[in-house]
1. Can you tell me which residue in segment 246-293 is farthest from the chain's Cα centre (by Cα), limited to those that are crowded, with 24+ Cβ neighbours inside 10 Å and not hydrophobic (A, V, I, L, M, F, W, C)?
2. Where the second residue is among the small types (G, A, S) and in a loop (DSSP other than H, G, I, E, B) and the first is more than 29 Å from G149 (Cβ to Cβ) and free of Cβ contacts under 8 Å to residues at least 40 places away in the same chain and lies in segment 403-424, which pairs have Cβ atoms under 7 Å and are six or more apart or on separate chains?
3. Looking at segment 144-155, can you tell me whether even one residue there is touching a residue at least 12 places away in the same chain (Cβ under 8 Å) and at positive phi?
4. Inside segment 311-348, can you point out the residues that are among the charged types (D, E, K, R), in contact with a strand residue (DSSP E or B) (Cβ under 8 Å, 6 or more places away or on another chain) and either within 15 Å of G452 (Cα to Cα) or at pLDDT 95 or above (or both)?
5. Which strands (runs of 3 or more DSSP E) does segment 1-107 wholly contain that include 1 or more residues that are more than 24 Å from the chain's Cα centre (by Cα)?
6. Let me confirm something: among T294, T289, which residue is assigned to a strand (DSSP E or B), among the polar types (S, T, N, Q) and touching a residue at least 24 places away in the same chain (Cβ under 8 Å)?
7. Given the structure, is E111 among the acidic types (D, E), surrounded by fewer than 18 Cβ atoms within 10 Å (Cβ to Cβ) and closer than 20 Å to C44 by Cβ?
8. Of the conditions (1) buried (at least 22 other Cβ atoms within 10 Å of the Cβ); (2) acidic (D, E); (3) modelled with pLDDT under 95, D49 clears all except one; give me its number.
Amino acid sequence: MTSYVLGLDFGSDSVRALLVDTKNGKEIATHVVYYPRWKQGFYCDPTKDQFRQHPLDYIESLTAVVQGLWSQVPVETQQSVVGISFDTTGSTPIAVDEHGTALALKPEFAENPNAMFILWKDHTAITEAQQITQAANAANENYLKFEGGVYSSEWFWAKALHTLRQDKTIADAAYSWVEHCDWMSALITDTLHPTVFRSSRCAAGHKQMWHQSWGGYPPNEFFTQIDPLLDGLRDKLPSETFTADQICGELSAEWADKLSLPVGIAVTFSAFDCHMGAVGANVKPGVLTKVMGTSTCDITVATYDEVADKNIKGICGQVDGSVLPGFIGLEAGQSAFGDLYAWFRRLINWPLQNIVLSDLIDDATKAKLIQEVEDKTLIALGEEAAKLPIGSSGLTALDWVNGRRTPDADQTVSMAIAGLKMGSQAPHIYRALVEATAFGSRAIIERFKKEGVRIDSVVTIGGISKKSDFVMQTCADVWNSPIDVLESEQSCALGAAIFAAVAAGIYPDVASAQAQMASPVCKTYQPNRQNTEKFDELYQRYIKLGVFVEGGIK
């Protein structure tokens, strides 16, 4: 009998639902819904690095996106769904009260940004991250040794502490804090209450300093020496964590009705988008999966013997079972990839939004014109930049427009462009930005290798890998590595669907499900040896510029 699973991918801007045939991984239907409040820029202040999302955006979009699938398939198909799994951005935590209710869902906090989900790219907690790093380095047990040695402002504890310090109303009302990925699974299984709430291995291990060797989270004394506001929080977090192939609970009657699905079907523990994307890409030891979107997330796995007693420096964690059960999951990434290109597009298209043709055409025509130019800007820049000889512009850029995630997290650093002259045109600068993102990725690959992690090949997923030959060929040349691009447009949601199929009992383990359901490769980019040699020289300029900029900041 044919059965189906749902993978739900909550990204930075939207949620994507994917309906998958468990037998062969065929993608039956997909639907996308954009978060309405986020789309209007509510609760965010980019000048302060503040990015917040209202839980209602997630709740309303979940219903809308799943119902949007059912208009594409027969009624009997939705009744044959046997499992659901989520992936989300992270670290994206929210404060909850003693009943497990997200504070922003309470009337008194409905418009308070501090009561909302603090999106992964919110960097308001830089000071708190630095203090956590300092405390870990001074402790007898370094509680960051499995998280790369540096705590990031993008992560759970820094965000919680910053919010508690900034907003006494939140400090008084918050009982605990919950990651977005864990909240989604608990929401639809009616397990939000702290007495029954359980956590995923992925979020806890990579962002919350959870590790089995010290019995879960660092001791309460570690946190209280940083700030008494953290007193007792670690004891309100579940000490046990679970991998994404395990069942978090059954779909509740309330949510079965909202989603038009059978009551009681399996809901897995959730994970971060990049981790599940790697599973959809058939990740295995020696293969680096790069999720290329607004930022990048670099995921690989290693056997216990390969990692042994190594503490991989400067990455976003090494966690048993965070990607594949039975392997150590390793995460790194860049805080900006597509975001850097989008920043440049906004910069050069500023007149479109503010002055162009304001009195010459009607508003509807103006909106269409602006949208057409916005849609074509990066395409045209890429076409022109590809014609420029490598190194001919004399420009070198850094990719740190949103700080640096890895190697060695530091959200205080900024991007820079060196070599600008009167002859520097938009395509010259765009080429330098593309090279900068490729160089930033190369620094991650080289760090993995330096730390003894085997990287034999690279697989890419995400929108950029399917949209720009120029970007992908530049990456292949800079990395001096073949790059396989996956066929699936929804690899993260596909990875979630694979976990759902295992939790539902269709497959005995993740490897068996991957063998039937993982996405095939649609295209491969081969490095050009002549270009690689030229980029080796430019990469050294990138490294030197980074050292100079960091030295100036510090």
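The values are calculated or read from the model by the stated rules, or taken from the named source; none is laboratory data. As the structure is a prediction and not an experimental result, all values here were calculated from the model. Positions of Cβ are backbone-derived with ideal geometry, glycine not excepted, and every protein chain shown enters the neighbour counts.
1. That would be T268.
2. G419/G394; S424/S393
3. Looking through segment 144-155, at least one residue is touching a residue at least 12 places away in the same chain (Cβ under 8 Å) and at positive phi.
4. Listed by number, the residues that qualify are D320, E331.
5. 4-10, 14-21, 27-34, 81-88
6. T289 is the lone residue from the list that is assigned to a strand (DSSP E or B), among the polar types (S, T, N, Q) and touching a residue at least 24 places away in the same chain (Cβ under 8 Å).
7. In short, yes.
8. Status for D49: all satisfied but (1).
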